[in-house]
Protein chains: 2
Amino acid sequence: MNGAESLVRTLVAGGVDVCFTNPGTSEMHFVAALDRVEGMRCVLGLFEGVVTGAADGYFRMKGTPASTLLHLGPGLANGLANLHNAKKARSGIVNIVGQHATYHIGFNAPLTSDIEGLARPMSDWVRTSPSAKAVAADGAAAIAAAKSAPPQIATLILPADTAWNEADGIAQVPTEAQRPSYSADAVEKAAKILHAHGPETLVLMTAGALTEQALTFAQQIAGKTGCRVMGQTYHPRMARGAGRFSIDRIPYVIEQALPILKNYKHIVLVEANDPVAFFAYPNKPSMLKAEGTEVHRMTAWGENSAAALEALAGHLGAKAADVKPQPLAELIKPTGALNHTTIAQAIAYAIPENAIVVDESITTGRGFFPPTAAAKPHDWLQNMGGSIGFSTPVATGAAVACPDRKVMCLVGDGSAMYTIQSLWTQARENLNVVTVVFANRIYQILRGEFDGVGAGEPGQRAQDMLKIDRPTLDFVAMAKGMGVPGRAVTTADEFNAALAEANAEYGPRLIEVQM
Amino acid sequence: MNGAESLVRTLVAGGVDVCFTNPGTSEMHFVAALDRVEGMRCVLGLFEGVVTGAADGYFRMKGTPASTLLHLGPGLANGLANLHNAKKARSGIVNIVGQHATYHIGFNAPLTSDIEGLARPMSDWVRTSPSAKAVAADGAAAIAAAKSAPPQIATLILPADTAWNEADGIAQVPTEAQRPSYSADAVEKAAKILHAHGPETLVLMTAGALTEQALTFAQQIAGKTGCRVMGQTYHPRMARGAGRFSIDRIPYVIEQALPILKNYKHIVLVEANDPVAFFAYPNKPSMLKAEGTEVHRMTAWGENSAAALEALAGHLGAKAADVKPQPLAELIKPTGALNHTTIAQAIAYAIPENAIVVDESITTGRGFFPPTAAAKPHDWLQNMGGSIGFSTPVATGAAVACPDRKVMCLVGDGSAMYTIQSLWTQARENLNVVTVVFANRIYQILRGEFDGVGAGEPGQRAQDMLKIDRPTLDFVAMAKGMGVPGRAVTTADEFNAALAEANAEYGPRLIEVQM
C-alpha cells in the first residue's frame, strides 16, 4: 500500500468518508487510491471555493468533518475564503493539499509556492507530511484536530512522493475526546448575576447554545429571571421555527445595536463573543456594549452549553412552567408586488418541515427573522466570517450531509457570483437544494456602507463600483448552463408558485427573484 | 485630502491609472476618492480572481502596472491564484487591500485575518500602511516596486482609518530606473561558446528575448552559428506569426523533452530558467537537461535581452544575411469534423492582424504552435504559474490595455469554469475579446497525468474526478447569463464561420467548440 492509499484508508477508518475534491496532477495517486478503497464518497467541484465551503456546510449539519482535496498552493488559495468562513464557524475540516515531490520543490517549477504559508492564516493545524511512512499518522492527527473541541481546520500537505512511495499501513485516530463539559463555577456565577439582576442582564448566545434543547433551557431561564436572551449577529447553525424559542440577534447596523445593548448592565456570554461591530466606522465605537457593562463568560466555544444552560436553569429553579408564550408573526401567503416584506413572508410560508436554510441574503434578508420564527421547524445557517460566496457551497455540503432534508439557499446576486460553480455540483449529485437569488442588481450593502463610513453621496464612478446592473445578470441562464432548472419571478404570487414547485420536487432548482 | 485620496492621486501621478476592483466596506473611502480624482479608470470584477488576472494581462500588454482593489484577507485570498501566475510571469501589479481600522483589528471581528501572512507567498513586496500621513509615500513605494526590474507584485494593505484620516498630500514615485542593461562579460562568454560549439548549443529564451526585435537577432545568431534557439515551455508574451522568427518550445511532456535536450552540450539561458519538469513523476528526472550539459546564463529576468542579443550578434558577426528561411505550415481553412488538427488550422486561419492570443487551451492546444507560426502577426500569452483560471481574466486585462486589438482567449472547459465571471466584465466594458472554449468534457490533462504518474487505469471513482461531462456545461447559456453573445460549433465549417463573425465585430463573443 502506498502513502496515498494509507491516507485514504486512515480517513475512512477515522470516520471521514466524504471528500470534496478539485484535484490536479500532484494528487493523482490520491485519486487512484479512491478506486482501491471502499467507503469514500467523492464530490467534485469545479472551483475550490465550492469544495471548502461544501466541507463547512457538511460539518455544520453532520457534526463530523469531511475532507477536501486541493491542488497545490493555488488550489488551496482558491479555497481560502471559505476556509476563513469555516474557521470562524469552528467547523472541523481535513484539507489534503497536494505538493510537488519533496525532491522537486527546490527546482522552483511553475506551480511551486509556499503552501504552509498560505495555509496558516486560515487553518488551526498545518503539517507537511515528510514521507510515505508518516502519511497515515499525519492523517490521523489531522482527523483528531478536526474533531477536537472546538473543532479545527486541519491542513495536511501531501508531497507527491509521500503519496506514491510505500507506506506501512493505516493509523488509528486517537479516541475522540468526550464531549467537553463546562465550568460549574462559571454557571454558579451566572446564576448569581441572573438571580440578582435578571432584567438588567443580557444572555448572549451562539453555537451549541442554539440547539432546540439548549434554547428550551434558555427560555425557562428568561421566563424565571426576566433576563433578555439574544443571539450574536451571525451563527453557524440555529434551531428555529414553530415550537422553538425564538430569540433576536444583535443588529448588524451599529445605530440599531447600541440602543439595545445600553439597556444591560450585565452580559452573560454562552459561547458568544464580546459584542463587537462588524466593521469600524469613523466616530463610532468598535465595542457595542455600554461602558461599565460587566461581561461574564459562562461557556467558551466548544464547551457543552446545553448542559451548562440546564445546570443554570437548575440553579435558578427555572422550569418549563416558567416559559412565557412568545408573540410570533402569523404565516402569510403574500400577494402583489415583491418587496422586502412580501419576500420574507413568501420565504416563511414556504420553508418546509425540517428544512436547512443557508442565509446569505445580506440586505434583502435583514427582515427574514421575525416572520420565519413561526415557520415550520428548520435550521438556519449563517456566514461567520463575512467573506461572501459562502452560501451556495455551504448549501451544497449541507445537502450532501442531509439528503433527506430540503436545503433553501437564500443569496444576494452579488454574493451568488463568487462561487456560482456550486450549481454544477448540485446538478451532478442531484442535491435537494433550492437556490433563491435576490437580484437587486447592486451590492446594496455597500451602498449602505458608503453612507455608514461618512463618504458622502456616491458620484458616477463610485456608483459604478457598487451597482452590478450593467449588463443584467441572468441567473436562470447561468443555472441552465450548469444543469440546474430555474425560473425568474417578478411578483409575490409567482414567487409562491416557484417555491411550491421547487419544494414539491427532489433535486436542485434556482429561483431568480427580480426586485 | 484624506489618506484614500492621497493614495489615488499618488497612483494617478505615478502612472497607475487603471484599477481593477472588487471592493467592500473597508474600501469605501478609496471608492469615494475615485469620484474626486480625475484620471483613474475603474473596472469592476464580480470575483477577485478576475481582478488580479486582469491586472496581469494589463501589465503584459502595457508594460506598466495597473492597481487592484481587494476586500480584506478573503478578497485577497480569492485573487491569490492569479497573483501566483502574475508573479511567475514577473508582471508588475499594485494591490490595494483594505484592512479594518487599526484600532479595530484587535477585536477579532468576523472578517479579521492575517492579511500580510496571506499576501507574502504571492507578493514580492508587502506593507501595511501605519497612518493616513504615510499612505501616499507607501503607495509611491509600491508603484516603484511594481515598476522595478524585474517588476514585482506589490501589496499595500490599507487600514480603513488610514484611508479616512487626514493626509499630507501626494507622494512622488522615485524616478523610474533606466531599462537595465546586461553583463558584457556574460555576452562575451556566450559568444565564445557559440563560436566554438554552435550546433551543440541550445539558446533557451523567454520574456524580453521574445519581442520581434530580439527574435530577429536570435535568428541571425542561429543562422550564423548553427545553434538551436528554443523557448521554455511557457512564456509571458511572445511575438509570433508571419515575418517573425518562429521558435519551438520545450515540450511539456517529459518523454518528448528529454530526447531534444540530450542533443546539446551547452545551454545559453536568455532570461529562461534552467529547464525543469513541470511536475515530478516516479522514476523520471526533475531536470530535463542531460548530465554534463553546461549551462551559461547570459541574461537574468529583467535585464535587457534584446540589447544583449544584439551585442551577441555583433560579437559573432551575425547579420541579417545569415538568416535562414523557415519552413512554415501553410494557412489552411479546414473543413469537416472538428479534431485537434482542424481546430488548430481554424485558429491559425482566423487570427487577425495584431491580435493578442491568450492561451489556456491545455491539451487541445498542444499542437497550436506550428500552424499559427504562419498566421498574421500576433502576440501569444501563456500561463507562467500553472494555476488554471488564468486566461479569461488575463484576456480581460489585455483588452483593457489594448482596445484597438482583438483578443482571442483559447481556453479548456475545465479551466474556463474557475473564473467564468470574467465574461461579465467583458460585457460591461465592451471589451474586444472572443473566448473560444474547447469543450471536451474532461480534465484531459489529468487523464494524461494519471498515466504519467503510473497510477494505472482509472476506475469509476477516479474517472468521476477527471470527467466533467455530467451534467454537460452549456457555455453559451452561461455567457448569455453574463451578457456575452455566444454560439456553439460542432464542425470546422461552423467554427470558421463563428470565428469570422466574432472577428468582424467589436466586443465580447464566446464560441463553444464541442469536441
Next item on the list: Restricting attention to helices (runs of 4 or more DSSP H) lying wholly within the stretch B:1-84, give those where 3 or more residues are closer than 26 Å to residue A:442 by Cβ and at pLDDT 95 or above.
Entry: B:3-13, B:48-62
Next item on the list: Within the stretch A:29-42, track down each residue that is more than 7 Å from chain B (Cβ to nearest Cβ) and either on the phi < 0 side of the Ramachandran plot or in contact with a Pro (Cβ under 9 Å, 6 or more places away or on another chain) (or both).
Entry: A:30, A:33, A:36, A:37, A:38, A:40, A:41
Margin query: Return the residues of the stretch A:6-28 that are open to solvent by 20 Å² or more (accessible area, probe 1.4 Å) and either within 9 Å of chain B (Cβ to nearest Cβ) or at negative phi (or both); say none if nothing qualifies.
Written below: A:9, A:12, A:13, A:17
Check: How many residues does the stretch A:56-103 hold that are without any contact (Cβ under 8 Å) to a residue 60 or more places away in the chain, within 26 Å of residue B:285 (Cα to Cα) and surrounded by fewer than 24 Cβ atoms within 10 Å (Cβ to Cβ)?
Finding: 1
Notebook entry, point to check: Which of the residues spanning the stretch A:170-210 are at pLDDT 95 or above and touching a helix residue (DSSP H, G or I) at 6+ places or on another chain (Cβ under 6 Å)?
Noted result: A:170, A:171, A:182, A:187, A:190, A:191, A:194, A:198, A:201, A:208, A:209
Checklist line | residue B:221 touching a Ser or Thr at 6+ places or on another chain (Cβ under 8 Å) and part of a helix (DSSP H, G or I) | finding: no
Margin query: Suppose we filter the stretch A:186-207 for residues that are open to solvent by 20 Å² or more (accessible area, probe 1.4 Å) and in contact with a Phe, Trp or Tyr (Cβ under 8 Å, 6 or more places away or on another chain); how many remain?
Written below: 1
Next item on the list: Hey, could you check the stretch B:449-466 for residues that are out of contact with any helix residue (DSSP H, G or I) (no Cβ under 7 Å at 6 or more places or on another chain) and more than 7 Å from chain A (Cβ to nearest Cβ) and say which is most open to solvent (accessible area, probe 1.4 Å)?
Entry: B:457
Next item on the list: Please specify each residue of the stretch A:473-501 satisfying the condition of being β-branched (Val, Ile, Thr) and over 15 Å from residue B:477 (Cβ atoms).
Entry: A:489, A:490, A:491
Notebook entry, point to check: Given the structure, is residue A:389 within 14 Å of chain B (Cβ to nearest Cβ), of a type in the set (Gly, Ala, Ser) and in contact with a Phe, Trp or Tyr (Cβ under 6 Å, 6 or more places away or on another chain)?
Noted result: yes
Notebook entry, point to check: What is the number of the single condition among (1) touching an Asp or Glu at 6+ places or on another chain (Cβ under 7 Å); (2) of a type outside the set (Phe, Trp, Tyr); (3) within 16 Å of residue B:466 (Cβ to Cβ) that residue A:39 does not meet?
Noted result: (3)
Next item on the list: Might you let me know whether the stretch B:154-162 holds any residue that is among the hydrophobic types (A, V, I, L, M, F, W, C), buried (at least 23 other Cβ atoms within 10 Å of the Cβ) and assigned to a loop (DSSP other than H, G, I, E, B)?
Entry: no
Item checked: Qualifying positions in the stretch B:42-55 - touching a residue at least 60 places away in the same chain (Cβ under 8 Å) and either within 21 Å of residue A:413 (Cα to Cα) or in contact with a Lys or Arg (Cβ under 9 Å, 6 or more places away or on another chain) (or both) -> B:43, B:44, B:45, B:46, B:47, B:49, B:50, B:51
Notebook entry, point to check: Does residue B:341 fit the bill of being polar (S, T, N, Q) and touching a residue at least 60 places away in the same chain (Cβ under 8 Å)?
Noted result: no
Margin query: Quick check on the stretch A:429-445. Is at least one of its residues open to solvent by less than 20 Å² (accessible area, probe 1.4 Å), assigned to a helix (DSSP H, G or I) and assigned by TED's automatic domain parsing to the domain that holds residue A:363?
Written below: no
Check: If you go through the stretch A:95-124 one residue at a time, how many are of a type outside the set (Ser, Thr, Tyr) and part of a loop (DSSP other than H, G, I, E, B)?
Finding: 8
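One line per residue, one yes/no per condition, for (1) assigned to a loop (DSSP other than H, G, I, E, B); (2) touching a residue at least 12 places away in the same chain (Cβ under 8 Å); (3) closer than 23 Å to residue B:454 by Cβ:
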{"position": "B:234", "(1), (2), (3)": "yes, yes, no"}
{"position": "B:243", "(1), (2), (3)": "yes, yes, no"}
{"position": "B:258", "(1), (2), (3)": "no, yes, yes"}
{"position": "B:267", "(1), (2), (3)": "no, yes, no"}
{"position": "B:270", "(1), (2), (3)": "no, yes, no"}
{"position": "B:274", "(1), (2), (3)": "yes, yes, no"}
{"position": "B:281", "(1), (2), (3)": "yes, yes, yes"}
{"position": "B:284", "(1), (2), (3)": "yes, yes, yes"}
Next item on the list: Mind listing whichever residues of the stretch A:478-501 are of a type in the set (Gly, Ala, Ser) and either closer than 30 Å to residue B:485 by Cβ or in contact with a Pro (Cβ under 6 Å, 6 or more places away or on another chain) (or both)?
Entry: A:479, A:481, A:483, A:486, A:488, A:492, A:498
Notebook entry, point to check: Considering the stretch B:475-508 alone, what residues qualify as being among the aromatic types (Phe, Trp, Tyr), within 17 Å of residue B:350 (Cβ to Cβ) and surrounded by 20 or more Cβ atoms within 10 Å (Cβ to Cβ)?
Noted result: B:495
Next item on the list: Considering each residue of the stretch B:488-508, count those that are on the phi < 0 side of the Ramachandran plot and either part of a loop (DSSP other than H, G, I, E, B) or within 14 Å of chain A (Cβ to nearest Cβ) (or both), and give that number.
Entry: 5
Check: Which of the residues belonging to the stretch A:178-198 are over 30 Å from residue A:145 (Cα atoms) and in contact (Cβ under 8 Å) with a residue 60 or more places away in the chain?
Finding: A:188, A:189, A:190, A:191, A:193, A:194, A:195, A:197
Note to self: Filter the stretch B:35-49 down to the residues that are touching a strand residue (DSSP E or B) at 6+ places or on another chain (Cβ under 6 Å) and surrounded by 24 or more Cβ atoms within 10 Å (Cβ to Cβ) and list them by number.
What the structure shows: B:43, B:45, B:48
Note to self: What's the number of the only condition in (1) among the aliphatic types (A, V, I, L, M); (2) within 22 Å of residue B:266 (Cβ to Cβ); (3) in the same structural domain as residue B:125 (by TED's automatic domain parsing) that residue B:205 fails to meet?
What the structure shows: (3)
Note to self: Testing residue A:306 on (1) away from chain B (no Cβ under 14 Å); (2) part of a loop (DSSP other than H, G, I, E, B); (3) modelled with pLDDT of 95 or more, one condition comes back false. Which one is that?
What the structure shows: (2)
Note to self: Under 9 Å between Cβ atoms, which residue pairs at least 6 apart in sequence (or on different chains) link something in the stretch A:483-502 that is under 25 Å from residue A:421 (Cα atoms) with a partner that is surrounded by fewer than 19 Cβ atoms within 10 Å (Cβ to Cβ) and of a type in the set (Asp, Glu)?
What the structure shows: A:485/A:505; A:487/A:494; A:487/A:501; A:488/A:494
Check: Which strands (runs of 3 or more DSSP E) does the stretch B:321-422 wholly contain that include 1 or more residues that are over 27 Å from residue B:443 (Cα atoms) and open to solvent by less than 10 Å² (accessible area, probe 1.4 Å)?
Finding: B:355-360, B:378-382
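The values are calculated or read from the model by the stated rules, or taken from the named source; none is laboratory data. Just so we're clear, the structure is a prediction, and the values are computed from it rather than from any experiment. All Cβ positions, glycine included, derive from the backbone under ideal geometry; neighbour counts span all protein chains shown. To get the accessible areas, we keep the full protein, side chains included, count just its heavy atoms, and leave off ligands, DNA and RNA. Shrake-Rupley method; radii C 1.70, N 1.55, O 1.52, S 1.80 Å.
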